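The values are calculated or read from the model by the stated rules, or taken from the named source; none is laboratory data. In this text the structure is predicted, and so the values were computed from the model without any measurement. Here the Cβ is made from the backbone with ideal geometry for all residues, glycine too, and neighbour counts use every protein chain on show.
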Amino acid sequence: MFGWYPMYPHKDLSKRDKGEAHSRIPRWILQNREFLIRYIRGLYEAEGSFCVHKPTSTYKLLFTNRNLSLLNIVYQSLGMLGFHPHRSKYTIQLSRRAEVYACKELLRFREYP
């Protein structure tokens, strides 16, 4: 008989609060600056945004997520890379124009045609 059988029938993993999941960076990533940059790039490509509003001279590089440990990772990693992030409840942001562009250059985001 074919069908879907849950691996853990006694636990409903779909109802777990993702904000309570604990994330950690492996030591081998923390010990290598280039690996850390690539790790942060991946997080920003998944959950980040780059915004410029020239009429008001507003520059933002934002990372938004409900996982608090992941927010801590991004906040601390940006500090380790020499930036000065700001934090709100679910967002880490860089807002100094020079830092926004420096971080964007450092992370080297993929460009789509």
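The table for this structure:
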{"quantity": "Close pairs from segment 19-37: first within 19 Å of residue 82 (Cα to Cα) and surrounded by 15 or more Cβ atoms within 10 Å (Cβ to Cβ), partner at pLDDT 85 or above and small (Gly, Ala, Ser), Cβ under 7 Å, at least 6 apart", "calculated": "36/77"}
{"quantity": "Qualifying residues in segment 38-57 (those that are aliphatic (A, V, I, L, M) and touching a Ser or Thr at 6+ places or on another chain (Cβ under 9 Å)) - the one nearest to residue 81 (Cα to Cα)", "calculated": "40"}
{"quantity": "Failed condition for residue 59, given (1) touching a strand residue (DSSP E or B) at 6+ places or on another chain (Cβ under 8 Å); (2) loosely packed, with under 12 Cβ neighbours inside 10 Å", "calculated": "(2)"}
{"quantity": "Matching residues in segment 62-91 - criterion: being within 18 Å of residue 35 (Cβ to Cβ) and surrounded by fewer than 15 Cβ atoms within 10 Å (Cβ to Cβ)", "calculated": "76, 79, 80, 82"}
